[in-house]
Structures are given as C-alpha cells and as structure tokens.
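Each remark here refers to the structure printed beneath this line.
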Amino acid sequence: MLCEKLDLSLMINRQRKVMYKKAKDFGFTHPSVVQCSQELDAMLNRYQLIRT
C-alpha cells in the first residue's frame, strides 16, 4: 500500500506540472486543460482513499 501511495503521489505531481504548463499555453478553459484537471482530481480522490 505504501508503494502504491508513493507511485500515486509522483503521478499527481507530474500531472499537476502538465496541467500548469497546458494552462499557461492554452488558458484555463481549454478542453485539454479541463481534461487534465479532471484526471488530476481522480488521482487526488484515489490518494485520499488510500490515505484513510
């Protein structure tokens, strides 16, 4: 479980960086940024489930 949590944490950080770059390049409402944000939300929700 600890390994899964660590892997997910790394994926979250990577996804966050990708989202910030896309938002800077395309704007916050661009479909690719919204999709990236939704994927990040799903990862964060999974992380919360593991954490509790």
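The values are calculated or read from the model by the stated rules, or taken from the named source; none is laboratory data. What you are looking at is a predicted structure, and each value in this text was computed from that prediction instead of being measured. A quick note on method: Cβ atoms are made from the backbone with ideal geometry, for glycine too, and the neighbour counts reach across all protein chains shown. Protein only, heavy atoms only, side chains kept; ligands, DNA and RNA dropped before computing areas. Shrake-Rupley method; radii C 1.70, N 1.55, O 1.52, S 1.80 Å.
The set of residues in region 3-30 that are part of a helix (DSSP H, G or I) and either hydrophobic (A, V, I, L, M, F, W, C) or in contact with a Ser or Thr (Cβ under 7 Å, 6 or more places away or on another chain) (or both) comprises CYS3, LEU6, LEU8, LEU10, MET11, ILE12, VAL18, MET19, LYS22, ALA23, PHE26. Across region 12-36, the number of residues qualifying as exposed (fewer than 12 other Cβ atoms within 10 Å of the Cβ), among the aromatic types (Phe, Trp, Tyr) and either closer than 27 Å to ILE50 by Cβ or under 13 Å from the mean Cα position of the chain (by Cα) (or both) comes to 0. A Cβ distance below 8 Å, combined with a sequence gap of six or more or placement on separate chains, defines the contacts here; from region 33-47, residues that are free of Cβ contacts under 8 Å to residues at least 40 places away in the same chain and under 14 Å from LYS17 (Cα atoms) reach residues that are outside any helix (DSSP H, G or I) and open to solvent by less than 60 Å² (accessible area, probe 1.4 Å) in the pairs VAL33/GLY27.
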